[in-house]
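Report on the following structure.
The values are calculated or read from the model by the stated rules, or taken from the named source; none is laboratory data. What you see is a predicted model, and the numbers here were worked out from it, not measured in a lab. Just so you know, the surface numbers come from the protein's heavy atoms only, side chains and all, with ligands and any DNA or RNA stripped out. Shrake-Rupley method; radii C 1.70, N 1.55, O 1.52, S 1.80 Å.
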Amino acid sequence: MSQIYPLVCTRGVVILPGQDIVIDVGREVSLKAVDNAQDNYEGKVILVSQKDVSVEDPGQEDLFGVGTLCEIRHIRRFENFMRVKFRGLHRAQLSQMEKSANGDLIQVDLLQSIRQDETEEQALVRMIIDSFEKSSNLDKFLPKDVIMELSRGIGADQLSDKSVAVLPLALERKQTYLETLGINDRLEMLIQDLEKEKEMDEVEKRINETVKKRIDQGQKDYYLREKLTAIKEELGDVVEQDKDAENIRQRLENNPYPETIKKKVKDELSRYEMLPMASGETGIIKTYIDWLMDLPWWQETTDIKDLNQAQAILDADHYGLEKVKERILEYLAVKQMTNSLKAPILCLVGPPGVGKTSLAKSVARALDRKFVKISLGGVRDEAEIRGHRRTYLGAMPGRIIQGMKKAGVINPVFLIDEIDKMASDYKGDPSSAMLEVLDPEQNALFSDHYIEEAYDLSHVLFIATANYLENIPEALRDRLEIIQLSSYTDVEKTHIAREHLLPKQLEENGLKPSQLKISDEMILYLIRYYTREAGVRQLERTLGTICRKTVLAILKDHKKSITLTKKRIKEWLGNEKVDYGHKEKKDQIGTVTGLAYTSFGGDILQIEANRFEGKGRLILTGKLGDVMKESASIALDYIKAHAKEFHIDPKKFEDCDIHIHVPEGAVPKDGPSAGVTMTTALVSCFSEIPVKANLAMTGEVTLRGNVLPIGGLKEKSLAAYRSGITTILIPKENVRDLDEIPQEVKDAVTFIPVSNVKQVLKNALVD
Ligand code: ADP
């Protein structure tokens, strides 16, 4: 049965039965229609959607064929529109439209939903409810009350309409729902739409995720860091750590660190920041970062290129050493000329206290470079040179890297002291690590276990020192340019004391030269009776002591100046410490002075032989090495073979035990050069002819009595000279070494070349 109601056309809105909707009504006809409905139709009105939203004044052909009978629930009037809340009541089939003064009217037939197969309906409803329950996301479309109603079990009719009302569907689709009367048909449509929605939702989610992933990694880091800081602040755990990190980042930015180092530090920093302050590991990481940052990577000093100036500085710092200084200058000149870092490394070899360290310092001064020093004395573990891996507790970089940090520049003069005192053991061979340090081919990529990154040592000027050439590992010796320094004579020592040591000590103790008067004679006295050494270290200390005592005397006893006398020296330093002319004072039987060459320079060595009733045994004492023991048996066999010539009764060898002793029994001694000395001692002992007291000798002996050359003649002669010896027997082949011996020594000592034992005995034994 047809009825007539006022008509309101909507744009883009379809109302379903049971749905509430608020619409702003603005068109003149529509306003009239609403008023008409209020006044004459108990607030009932038909709402129909236009097919095309842009049509201003739609005719019936512009409208869909089915609309909705609605009830006006509420009206708010504004100046030129009304805000009206409608509730959908029924589907309505439109038939005839009429224009009137009170707006449009429409004739309609109300439509009823059609129930279809009931089982199917139930199944469909269940599917829809299931689908809602499974998809948590759908509640973003479904208001809570709908879900509540669903769970209470509303009718299938309402279910479809309520759902469609809230789903974000296109206008036409909604209109189709309105026009479809079969409830099951609508439910099927609904299931399709829900599925589609779910799919859309997932696609959307996926897109969101990819977008999120694409946020630049840096931004993410930034975000995380900010978040972390916030967390830490919240915990009151701020902020030393972050300040540190910030400072480090700044330093990295502002300085030309190599890229690899920048990266490494940044990586470590991120770890550092992630860890809580209290964790032990932060300290370890921070220390590591500090090492990386503090090492010099680019800082460099500029060399002075003026070799005249370099020479002036070397001369000013050291007395004598002409040849050595010349070699050093040559070395610097070549280095400058070739501009090559591949020159071999300088190695200064000589006894202690002869100025190796101070020469190296002078080289640094002459080039205006920084100076650092490490000592390898007693180093037996490779890790001391190359560092420990960071996994070790308390790991540290090796000494090379430590030295570089101390230097603070990439091109210091780097002194490696006592390179001959390295030992190797099961912990690895430090000398192979040193090889890598000193080899110009390799040291641009020096690897320290702790630092991990390669470090370039190729700008460093390495200078090594050693006491004893033979003790430097062979492979290392190859890489070194050896410069020998030897002991000083008394005259040289006097010069050094007068020109260098004394002025230095005076200044250190705040004395004026006029306040302490020392004659050359007194210096010599100090040298001879208070020091016995190859170099001048002890002498420097002694002068230091004298300066201190002088200061005390001036301040305490109000003396104006001190003149040093033997008496005063004895008073201040005690009795003479050294027996100058440390030799046998009288000609003795069985006691001969030999000469040794040690890492402390040369020294004299008394050899004593004695015999007593026995069975022909040979006893050796005094910590003799194998070579020295062999020399003793060679000597004995030689004498046995030549007993007649020496007027010795051969029977004596059978009824006697022979004892050879080399005093200072605790010091190990070895080497073949005591051969002549032992032979002489034995002959003297058996023949009972004394040996001259002021005579010393050195030389290896063969079984047939030939005397072979020895090494270290210069040091040995200096030692003999220091001890007041006046004659030295030397192997004939060593005569060529006499060139090297200072004139001062040659003036005081007679050198007699010998080629066999008979000549030795002829010169050594008292006639
Ligand atoms: P080394 O390193 O060879 O053991 P040092 O360089 O420590 O010896 O020398 C010890 C002291 O003797 C230093 O104060 C040094 O200046 C001084 N010295 C050594 N030789 C000379 C020399 N020829 N001229 C001036 N001073 C010297």
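Run the reach check for residue 405 against lysines, Cα to Cα strictly under 22 Å, same-chain hits fewer than 8 apart removed. What comes back?
262, 263, 264, 266, 286, 361, 370, 373
Between the stretch 645-710 and the stretch 314-353, how many Å separate their Cα centres?
42
Jot down the radius of gyration and Dmax of the stretch 408-548, Cα atoms only, both in angstrom.
20.8, 59
Report the equivalent ellipsoid semi-axes for the chain in whole Å, largest first, defined as the square roots of five times the eigenvalues of the gyration tensor built from alpha carbon atoms.
On the way: eigenvalues 2674, 194, 89 Å².
After diagonalising the Cα gyration tensor, the semi-axes are 116, 31, 21 Å.
Please tell me which of these pairs span more than 24 angstrom C-alpha to C-alpha: 44/162; 615/640; 356/732; 517/714? Before the final figure, lay out each step's value.
Values: 44/162 21 Å; 615/640 15 Å; 356/732 32 Å; 517/714 33 Å.
Distance filter (> 24 Å) returns 356/732; 517/714.
For the chain, with all protein chains present and a 1.4 Å probe, just round the carbon and sulfur fraction of the accessible area to a whole percent. Present the calculation step by step, with values, prior to reporting the outcome.
On the way: 19320 of 38940 Å².
Within the chain, the accessible surface is 50 percent carbon and sulfur.
Divide, for the stretch 324-430, the radius of gyration over alpha carbons by 2.2 N^0.38 Å, where N is the residue count.
On the way: Rg = 15.7 Å, N = 107, 2.2 N^0.38 = 13.0 Å.
For the stretch 324-430, the normalised Cα radius of gyration comes out at 1.21.
With a ≥ b ≥ c taken as the square roots of the eigenvalues of the C-alpha gyration tensor of the stretch 1-73, please select rounded if a/c is under 1.5 and otherwise prolate if a/b is larger than b/c or oblate if it is not?
Note, shape of the stretch 1-73 comes out rounded.
Given the C-alpha centroids of the stretch 36-66 and the stretch 539-560, what is the distance between them in whole angstrom?
Result: 124 Å between the Cα centres.
Given the rule -39500 (n - 2.57) for each run of at least 4 DSSP H residues, summed and divided by the residues of the chain, what is its mean residue ellipticity at 222 nm, to the nearest 500 deg cm²/dmol? Each step should come with its number before you reach the end.
Values: 28 runs with 335 residues, N = 767.
After summing the helix terms and dividing by residue count, I get -13500 deg cm²/dmol.
Per residue, how much accessible area does the chain have with a 1.4 Å probe, in Å²? It would help to have the intermediate numbers written out before the result.
Working: 38940 Å² over 767 residues.
On a per-residue basis, the chain sits at 51 Å².
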